[in-house]
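Here's a structure for you.
The values are calculated or read from the model by the stated rules, or taken from the named source; none is laboratory data. Since this is a predicted model, take the numbers as computed values, not measurements. For neighbour counting, all protein chains shown are included, and Cβ atoms are generated from backbone atoms with ideal geometry for every residue, glycine included.
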Amino acid sequence: MVVDRKGFVPQHRERIYLVGFIDDTDFSWDAFRGQEPDRMNMGDILHPNDGSEDVSHENYSRFITGRKGKVLDKYILSDKLWTYLYNYAAKHKGNGFGYGMVTKKSVARTLSARYYKDGSEILVSRGSGNPRRLTPRECARLMGYDKPGS
């Protein structure tokens, strides 16, 4: 059975489950094929930047600033890194290399353990400016921790 978590978190993350039994059993995958929840998107986990997020928690100052909750500049890609990633993707187009850009309506790629290096697999579009990386809080939300609204 293949399960994609995008119904539970805004991340395209397929996993294969194999089950084996030595003896006969009444097991059926049908019991696990319940109705999936409405698909989430990146807008459900990104900092809203409109002042609606409770920023009173002490750790939030490491990610966002001001009454509107603006994401700190340290998460925005430098011109040099953005140019490198953009050119690298153009050079290797069609070979699976490059960056992944998300918007509030997107579903992200799988978040990898190497994300802290350059964040290239999940970049958040900022319109006309350089994209930014996810904050650690957004990464936690993407993996299903600290659900939006809780």
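So THR110 clears everything in (1) of a type in the set (S, T, N, Q); (2) in a loop (DSSP other than H, G, I, E, B); (3) modelled with pLDDT of 90 or more except one condition, right? Which one?
Of the numbered conditions (1) of a type in the set (S, T, N, Q); (2) in a loop (DSSP other than H, G, I, E, B); (3) modelled with pLDDT of 90 or more, the odd one out for THR110 is (3).
Starting from residues that are part of a loop (DSSP other than H, G, I, E, B) and free of Cβ contacts under 8 Å to residues at least 12 places away in the same chain, keep the ones in segment 113-136 and report whichever is nearest to LEU46 (Cα to Cα).
Ranking the qualifying residues of segment 113-136, first place goes to GLY127.
Could you say whether any residue in segment 76-84 is in a loop (DSSP other than H, G, I, E, B) and modelled with pLDDT under 80?
no
So, one more: Residue check: is ARG133 exposed (fewer than 14 other Cβ atoms within 10 Å of the Cβ) and among the basic types (Lys, Arg)?
no
Checking LYS6 against (1) over 14 Å from ARG137 (Cα atoms); (2) at pLDDT 80 or above; (3) within 17 Å of the chain's Cα centre (by Cα); (4) not β-branched (Val, Ile, Thr): exactly one of these is not met. Which one?
Every condition holds for LYS6 apart from (2).
I'd like to check something: does segment 137-146 contain any residue that is of a type in the set (Phe, Trp, Tyr), over 20 Å from ASP4 (Cβ atoms), modelled with pLDDT under 90 and part of a loop (DSSP other than H, G, I, E, B)?
No, segment 137-146 has no match at all.
Looking only at segment 10-45, count every residue that is within 20 Å of LEU123 (Cα to Cα) and modelled with pLDDT of 80 or more and tell me the total.
Total meeting the criteria: 6.
Now a separate question. With (1) farther than 25 Å from ASP4 by Cβ; (2) within 19 Å of the chain's Cα centre (by Cα) as the list, and LYS68 as the residue in question, which single condition is left unmet?
(2)
Separate question: I need a count of the residues in segment 64-79 that are polar (S, T, N, Q) and free of Cβ contacts under 8 Å to residues at least 24 places away in the same chain.
So the answer is 1.
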